[in-house]
Amino acid sequence: MFDEIRTLFTEMLDINNRTAELAQSDAPDLAREMLGLRKRYSDLSFRAAAMVDTDICTAYGDHEPARETIREYRQRNADLRRALADHHAKWPTSLIGQDPEGYNEDGRKLCLLQTATLEWVLAAFLPEMSRLAQTRPKAATG
């Protein structure tokens, strides 16, 4: 389970890095490629969030040592989702080419937040929760 979740977050980080590269380009198909990356990232994000919620947060949420780590994950995830929603609302694909400098600057800021969040999940959250999972069996489900 942790390996599958780690794979999803790793692909999300790869997409984030590709988005950062594209934000610095003037490729003629920039809007189309960005839209594809947005969709793939969104799909992966939904799957990863569902798995983390079910397999980690719900399963280990009553385990005292895990509570603070889960709380931090939820806060970081909420902050990132809010920033993504704001970015997508501000930059529909039809506007990306109209202000490339503004888009690139906003995209750079978003990529920095995404990178920090995804790297934290991969380097801190998943290893800590995996460690904690070894100290307490997963709660029985119905």
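The values are calculated or read from the model by the stated rules, or taken from the named source; none is laboratory data. Keep in mind that this is a model prediction, so the values were computed, not measured. Cβ placement follows ideal geometry from the backbone for every residue including glycine, while neighbour counts extend to all protein chains displayed.
Summary of computed values
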{"item": "Selection from the range 75-85 of residues that are more than 20 Å from Arg40 (Cβ to Cβ) and either surrounded by 12 or more Cβ atoms within 10 Å (Cβ to Cβ) or touching a residue at least 12 places away in the same chain (Cβ under 8 Å) (or both)", "result": "Arg76, Asp79"}
{"item": "Total residues in the range 59-74, condition touching a residue at least 24 places away in the same chain (Cβ under 8 Å), over 13 Å from Leu126 (Cα atoms) and either out of contact with any Leu (no Cβ under 9 Å at 6 or more places or on another chain) or hydroxyl-bearing (Ser, Thr, Tyr) (or both)", "result": "2"}
{"item": "Selection from the range 26-74 of residues that are at pLDDT below 90, aliphatic (A, V, I, L, M) and part of a helix (DSSP H, G or I)", "result": "Leu30, Ala31, Met34, Leu35"}
{"item": "Selection from the range 33-50 of residues that are closer than 24 Å to Ile96 by Cα and in contact (Cβ under 8 Å) with a residue 24 or more places away in the chain", "result": "Met34, Leu35, Arg38, Arg40, Tyr41, Leu44, Ser45"}
{"item": "Positions within the range 86-104 being surrounded by 11 or more Cβ atoms within 10 Å (Cβ to Cβ), in contact (Cβ under 8 Å) with a residue 12 or more places away in the chain and part of a helix (DSSP H, G or I), in sequence order", "result": "His87, His88, Lys90, Thr93, Ile96, Pro100, Tyr103, Asn104"}
{"item": "Total residues in the range 1-31, condition without any contact (Cβ under 8 Å) to a residue 12 or more places away in the chain and more than 13 Å from the chain's Cα centre (by Cα)", "result": "6"}
{"item": "Residue, nearest to His88 (Cα to Cα), within the range 1-45, restricted to residues that are small (Gly, Ala, Ser) and in contact with a helix residue (DSSP H, G or I) (Cβ under 6 Å, 6 or more places away or on another chain)", "result": "Ala31"}
{"item": "Ala123 aliphatic (A, V, I, L, M) and closer than 21 Å to Glu4 by Cβ", "result": "yes"}
